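Take a look at the structure set out below.
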Amino acid sequence: MASASQIQRLLAKPASFTPNFTSEHSVVLPHSLDTVFDKLGCGETLEASVRLSDLCSTFLLTTVDHVSLPEGQSLTEVRCRSLPPSDGSSNGALPRQFFELQEVVPLLGGLYKHTVTIAGSLTSDREHKAALYESSASGGILIWKLRTFEELAPDETGQVRTKVEEKIEGKAPMLLRSTVEKETRRAHTTHMEQYHTIFTT
């Protein structure tokens, strides 16, 4: 894994930014909302969904704390990664799980492999059926990804269903923006379409 100083530098980058690329996608899973949230909305189970990406080579859960949102705000409108920790027993405090991972990205048709170090956090709000993934990567790429959960009516066979919707806002250096945006949209769709597989283990 990366050195502690490298992780600190990544986490020190501003959590608030003006995005220059976006992506949105949704999937419907044949499971109850509680079951889906347990797998996709909680920090302790984050590794399973992250490792659906074949780029992920290493993953580590680090510290966990709690954070209190500004009054009247929700995960849809805040940046939690840089907020100071709060007392976990305080009313409305949300669990925040920090993590580190590395991705190995093939370049030049696979002739060269580039390792990207990523540090970030996942903040969970079960009451409002949302989770916020925020990351900072070597190379200057910042990601804000809101994941929301909606319980749907059962299908015609009576199967329970939950809709998972994700919205990504990201910032990349201008020279990389076009490439990063294209790859993010492709990888985002592919990644979410694999979510159903983590419920079979």
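What is the distance in Å between the Cα centres of the range 1-37 and the range 173-201?
For the range 1-37 versus the range 173-201, the Cα centre distance is 12 Å.
Run the quick spin-label model on ARG51 and GLN8: label points 7 Å from Cα toward the beta carbon, then report their separation in nm to one decimal.
Going from the ARG51 label point to the GLN8 one covers 3.0 nm.
How charged is the neighbourhood of THR45? Take every other residue with its Cβ under 9 Å from the Cβ of THR45, and add Lys/Arg as +1 and Asp/Glu as -1.
-2
Through the Karplus equation 6.51 cos²θ - 1.76 cosθ + 1.60, θ set to phi - 60°, convert the phi angles of the range 113-122 into ³J(HN,Hα) values in whole Hz; use x for Gly and Pro.
For the range 113-122, the Karplus curve yields 10, 10, 8, 10, 9, 10, 10, x, 8, 10 Hz.
If you build the Cα gyration tensor of the range 32-124 and take the root of 5 times each eigenvalue, what three semi-axes come out, in whole angstrom, biggest first?
Each semi-axis is the square root of five times an eigenvalue, giving 30, 15, 12 Å.
Measuring from a point 7 Å past the Cα of THR63 along Cα-to-C-beta, which residues in the range 1-21 have an amide N at less than 17 Å?
Backbone N within reach: 3-15.
SER74's amide H: which non-local residues (gap 5+, or another chain) put their own amide H closer than 5 Å, with H modeled 1.01 Å from N in plane and none for Pro or chain starts?
Counting only residues 5 or more places away or on other chains, the set is empty.
With n ≥ 4 as the cut-off for DSSP H runs, can you work out [θ] at 222 nm for the chain, using -39500 (n - 2.57) per run divided by the number of residues, rounded to the nearest 500?
So the calculated ellipticity at 222 nm is -6000 deg cm²/dmol.
Charges at C-beta only: +1 for Lys and Arg, -1 for Asp and Glu. How large is the resulting dipole of the range 27-169 about its Cα centre, in Debye rounded to 20?
That gives a dipole near 400 debye.
Percent of Cα-Cα pairs more than 24 Å apart in the range 78-171, please.
Summing the P(r) tail past 24 Å for the range 78-171 gives 41 percent.
Per-residue HN-Hα couplings for the range 157-163, Karplus 6.51 cos²θ - 1.76 cosθ + 1.60 at θ = phi - 60°, whole Hz, x for Gly and Pro?
Going residue by residue, I get 9, x, 5, 5, 9, 9, 8 Hz, with x marking Gly and Pro.
May I have the extent of the alpha carbons of the chain along their three principal axes, as whole Å values ordered from largest to smallest?
50, 41, 30
Taking θ as phi - 60°, what are the ³J(HN,Hα) couplings along the range 13-18 by the Karplus curve (6.51, -1.76, 1.60), each to the nearest whole Hz, with x for Gly and Pro?
5, x, 7, 8, 7, 8
Which one of LEU142, THR115, LEU132 has its Cα pushed farthest toward the positive end of the charge dipole of the chain, where Lys and Arg give +1 and Asp and Glu give -1 at the Cβ?
THR115
Taking amide H positions as placed in the peptide plane 1.01 Å from N, state which residues far from LEU55 in sequence (5 or more) or on other chains have amide H under 5 Å from it.
When sequence neighbours closer than 5 places are left aside, there are no close amide H contacts.
Values in this text are rule-based calculations from the coordinates and carry no lab data. Quantities reported herein were computed from a predicted structural model and do not represent experimental measurements. Using ideal geometry, Cβ is built from the backbone for each residue, glycine included, and neighbour counts are taken over all protein chains shown.
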